[in-house]
Amino acid sequence: MCLLKDFPQDGLINHGFWILMTTILAYVIILVVYRPLTGYYESYYEICLEGQYFKRVAAMHEQYGEFSYHAGKLKPITGPIVRVTPTEVHFNDPEVIETVYPTTGRKTDKPQWVADRTGTPYSIVSTVEHDVHRRRRNGLNSFFSVASIRRLEPIIQERIAKMMWRLEVEAAAGADVQLHRVFKACASDVITTYGLGDSLDFLSMPDYGQAWFASTDFFFYLTHVFAVFPWFVQLVQFAPSWLVEGSVPSLRYLRMRQEWWMEKVREIRASPDQTKINRTIFAGILGSSLPDEEKTDIRLASESQLVIFAGEGTVGKGLSPRIRHKPHRTSHVVSSRKPPYLNAVIQEAVRLHPGVMSRQVRVSPEEPITYYSKRTSEVYDVPPGTVVSMSPLITHMNPNYFEDPYTFDPERWVRNPSLSRWFMGFARGSRNCVGYAHPSTSVDDFKEKQPVR
Ligand code: HEM
């Protein structure tokens, strides 16, 4: 046996020195090369496979799960918490929703990269700091109150009547219509009129504004590219139109829309008619105690872009599955104005087809997040400043909370109203969807309105 004292001392020192150097080098390589590279792992799924990282995240929970022995069978238990990027942990446990997304009592930030990649850097959804977000959101809240929405009901009714009329014309001509496009056009017209007092009138366009929406969809795809090349978002947002249209022609219509929004902002701000201002999304912001730098044209245009983007695709997509899955109690849905069943249908449609597929990321800047997993009986302390996230589809497909999760079953919400605790289709906590009441209202009207000629 070779004893320590048998080694020549010089050789031992050299040996130790090289082990130390190799360890440091390996650590530096991991920090400088490997960790940043693992960040691109997500980009591969999002850019090359077009937004498929959520599936990989679900697979990671399976991969890092365990098996439990129950009634003579091995049952897989998904891992409740996994690291999905170098700086972010993701939960798959509906029990933790209220801890990750508190409404009050703890600050909720967003990571800077959300602001950098969304393309609406001055809007509430991209606001990093909790306190700034609260102030900005207060400026918007009144405009989304149910009372406020009711004042705009005639506009909603008029657009829906127009949509029904166009569908009848298409049906008479035997035309094939892609309903999700029609719904998107209708939702966009309503939200834009609601927010800016005017619209591009997509419902009157022969293709329901398809070129405009394709441009927006391409922009959403680019947000994954912005994550890797943040300078690119600056180019798309602020470069002159001729340059954007020349280098990325697919963005032409988006650029036209952005110019139109800016025009509206300036027109509304300059309007001597206070009623006109009051009927726009800006009334709350302009009349608030927010400092002047919060009321600039670019910030108002950014908020308009967010509200329109947030409302048109989500509502359009949310309506399509509702038509596809025929509810069992159709008559009740059509006839009643404030039925729990209608809400159940909306929740069920959004549960299965969340308008927002991406991970809902948050940061607790000052306090740790303590998570106790009932499934594994382990306690996890997530340090302050860590990016935490959950995904609506993964949560909604959890068979322990939503029985037979792939089945469209609105009745589940009526049978068991407490299921809402596990629902995160409109996000949760202090940064939940500000338009939450709005989808129900417009859907309600859509169901009840008769076409006019
Ligand atoms: C079925 C319809 C809808 C769904 C499923 C939906 C879903 C969501 C979700 C999941 C978020 C949170 C995103 C995040 O993680 O930060 C959100 C935020 C938001 N939504 Fe909606 N939404 C819908 C309709 C609308 C409508 C109609 C509007 C406005 C007209 C709207 C305006 C907003 C705004 C402004 C935010 C940002 C809130 C904040 O950051 O404080 N949404 N929505």
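Values quoted throughout were computed directly from the atomic coordinates according to the rules given, and no laboratory measurement underlies them. If you're wondering where the values come from, they're calculated on a predicted model, not measured in any experiment. Please note: Cβ atoms are built from the backbone with ideal geometry, for glycine as well, and neighbour counts cover all protein chains shown.
Distance between the pseudo-spin-label points of Phe220 and Asp404 (7 Å out from Cα toward the beta carbon): 3.0 nm. Across the stretch 142-156, rounded Karplus estimates of 3J(HN,Hα) from the backbone phi angles (6.51 cos²θ - 1.76 cosθ + 1.60, θ = phi - 60°) give 4, 5, 9, 5, 4, 4, 5, 5, 4, 4, 9, 3, x, 5, 4 Hz, Gly and Pro being marked x.
Relative to the longest principal axis of the Cα atoms of the chain, helix 53-63 runs at roughly 40 degrees.
Taking a ≥ b ≥ c as the square roots of the eigenvalues of the Cα gyration tensor of the stretch 351-441, is the shape rounded (a/c under 1.5), prolate (a/b larger than b/c) or oblate? Don't skip to the end; give the middle numbers.
Numbers: a/c = 2.28, a/b = 1.38, b/c = 1.66.
The shape class here is oblate.
For each pair in Lys110/Lys264; Lys317/Lys374; Lys107/Lys264; Lys162/Lys295; Lys162/Lys317, compute the distance between the two Cα atoms and list the pairs where it is over 27 Å. Long pairs (Cα-Cα over 27 Å): Lys110/Lys264; Lys317/Lys374; Lys107/Lys264; Lys162/Lys295.
Figure the gain on full extension for Phe232 and Glu411 (residue separation times 0.36 nm, minus the Cα-Cα span) and round it to one decimal in nm. Before the final figure, lay out the partial values.
Numbers: separation 179, 0.36 × 179 = 64.44 nm, distance 4.63 nm.
Taking Phe232 through Glu411 to full extension adds about 59.8 nm, to one decimal.
The amide H of Ile77, built 1.01 Å from its N in the peptide plane, has Glu66, Phe67, Ser68 as neighbours under 5 Å, considering only residues 5 or more places off or on other chains. Taking θ as phi - 60° and the Karplus parameters 6.51, -1.76 and 1.60, the scalar couplings of the stretch 425-435 work out to x, 9, 6, 9, x, 5, 10, 6, 5, 6, x Hz in sequence order, x denoting glycine and proline. If R0 is taken as 35 Å, the Cβ-Cβ distance between Tyr372 and Gln52 corresponds to a FRET efficiency of 0.65.
For the chain, what mean projected area does the convex hull of the alpha carbons give, in nm²?
Details: hull surface 125.3 nm².
Value for the chain: 31.3 nm².
Taking 0.36 nm per residue of separation and subtracting the Cα-Cα distance, full extension of the segment from Asp201 to Phe17 would add 58.9 nm. Extension gain, Val28-Ala173: 0.36 nm per intervening residue step, less the Cα-Cα distance, totals 45.4 nm.
With contributions of -39500 (n - 2.57) from each DSSP H run of at least four residues, the per-residue ellipticity at 222 nm computed over the chain stands at -16500 deg cm²/dmol. Packing here is the average count of other Cβ atoms within 10 Å per residue, and on that basis the peptides 104-112, 166-174, highest first, run 104-112, 166-174. What the Cα atoms of the stretch 135-218 give is an Rg and a Dmax of 14.8, 51 Å.
For the stretch 87-130, the residues whose backbone nitrogen is under 16 Å from a point 7 Å from the Cα of Ser43, taken along Cα to Cβ, are 87, 113-114, 116-118.
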